[in-house]
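Here the structure is laid out as structure tokens; the discussion comes afterwards.
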Ligand SMILES: [Fe+2]
């Protein structure tokens, strides 16, 4: 690889307890400082920022990024995970009193998603205006061009279909949007990276008793999303959700599971892109 390279840092699943989680924020400060000192050009955080769905908690992350001069479209990409959008306890409580409340749970989810997009709109659109999913980010560094195709995979809680709120699904409209000819055109001559929260891989637990619950974490329409990623010539996919730092191949794409900050706050994934079109990936321990 040539000497000049562009570095991308990726971590996931912070699961901070809230804006007052001083230990968690101290650890986040350390991780971000190490990433900045490594000469990183862009940071991707693939969801589950908190174990709460409270926008005033999200604002605390925004403040940290601002204080480190990272809060801009070209420096950070952040997406929500299921834990950021679904308050499981509240859903159960409402379901038990208002069964089946089908419209309510979808409305609550949409409202939460809108709040998240409003909070981080500058990181999605680059300006303080209406933001939403999916979105594309093309970053040009001289001869090196990197693009993110960012998709939401979290979907509303449902008592039978999504009992833990942890299952993934990409809305038909989002998939269709990725097939619009303008998208492929915008990504031409760029290194394409898919970004979402849920895993492509079907993780299976070893314990028999847990295997019955494997489906509660899965990405329901993974084949459709895979088709869209392949259509857009994605070379890499970044995700979180299943707390394991690892890489694996699917459909010729290198898929990187950013693991869990909550599990190990001193590790992140780094990808270095060279001018020769090649890249290297490694997990860095700070
Ligand atoms: Fe998750």
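Any read-out appearing in this document is the output of simple, stated calculations on the displayed coordinates, not a laboratory observation. Since the structure is predicted, the reported quantities are computational estimates derived from the model, not experimental observations. Note that we place each Cβ from the backbone using ideal geometry, even for glycine, and neighbour counts take in every protein chain shown.
Structural remarks
- Of all beta bridges that DSSP places with both ends in the stretch 126-272, some 55 percent have antiparallel geometry.
- Taking only the Cα atoms of the stretch 1-118, the radius of gyration and Dmax are 17.0, 62 Å.
- Viscosity 0.692 mPa s, 37 °C: Kirkwood-radius Stokes-Einstein D of the chain over Cα pairs, µm²/s: 171 µm²/s
- Distance between modelled label sites at residue 96 and residue 264, nm, 7 Å Cα→Cβ extension: 3.8 nm
- Our note on the geometry: Cα centres of the stretch 126-177 and the stretch 17-76, 19 Å apart.
- If you plug the beta carbon distance of residue 143 and residue 246 into 1/(1 + (r/R0)^6) with R0 = 30 Å, you get a FRET efficiency near 0.45.
- Taking every DSSP beta bridge that has both ends in the chain, the antiparallel portion is near 55%.
- Mean Cβ count within 10 Å, highest first, over the residues of peptides 32-41, 12-21, 75-84: 75-84, 12-21, 32-41
- Ellipticity estimate at 222 nm from DSSP helix runs (n ≥ 4, -39,500 (n - 2.57)) divided over the chain, nearest 500: -9500 deg cm²/dmol
- Here the gap between residue 29 and residue 202, fully extended at 0.36 nm per residue and compared with their Cα-Cα distance, gives a gain of 59.0 nm.
- In Å, descending, principal axis extents of the Cα set of the stretch 215-286: 41, 36, 13
- Ratio Rg/Rh, restricted to the stretch 129-286 and using Cα atoms, in which Rh is the Kirkwood radius: 0.98
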